[in-house]
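Here's the structure we're looking at; comments come further down.
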C-alpha cells in the first residue's frame, strides 16, 4: 500500500523515506534499498509492497532505531511524567506514546515538544488545514494521549 498521492509512505506501517534510512534499509545518499533490504528480498518499492515479512522486519528495525534515538536525545527522561498540554490539560508521557509519536513525527520533534512543554512555553503557531490543526506539536500530543494506555514492550536491540 502506498500513501496518499505525492507521499513516499510505503507498506502496512506507512514508512516515509527517513526511517528506513536510519534503520539501514535504504541508502542515505542514493535512497536505494540496501544490502539489508536485499537480504529480505527487497530491491524495489514494489518488492517491499509485495512482501509482508519484509515490511514487518523493516518496521521492527525502524522501531528499534526510534527507541535508540529517543534514548540518545534524552526524551526518555520524560517517561511517567505528566506535562502541561498545549491547551492547559496534562499529557501523560509513556513509552508507548513516545513510540507512536516518534513513528509519526520523528525523535527530534518529539524531544523538542517534550522540552517545550516541560518548560511550559507558549504554544507555537498552528498550521490550519482541511483536517484541522496540523502542527507537529499537536500531532505529537495527540499520539501521546491516544497511546498512553497501550501496552508496550520495547524490542531488544
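So the values come out like this:
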| read-out | value |
| --- | --- |
| Residue in the range 94-111 that is part of a helix (DSSP H, G or I), touching a helix residue (DSSP H, G or I) at 6+ places or on another chain (Cβ under 8 Å), more than 23 Å from residue 15 (Cα to Cα) and assigned by TED's automatic domain parsing to the domain that holds residue 153 present | no |
| Filter result for residue 47 (over 24 Å from residue 124 (Cα atoms) and under 12 Å from the mean Cα position of the chain (by Cα)) | no |
| Among the candidates 68, 17, 26, 36, residue that is in contact (Cβ under 8 Å) with a residue 40 or more places away in the chain and not assigned by TED's automatic domain parsing to the domain that holds residue 100 | 68 |
| Any hit, the range 36-54, residues being outside any helix (DSSP H, G or I) and under 23 Å from residue 107 (Cα atoms) | no |
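The values are calculated or read from the model by the stated rules, or taken from the named source; none is laboratory data. The shown structure was predicted, so the numbers you read here are calculated from the model rather than taken from an experiment. With ideal geometry, Cβ positions are generated from the backbone for all residues, glycine too; neighbour counts draw on all protein chains shown.
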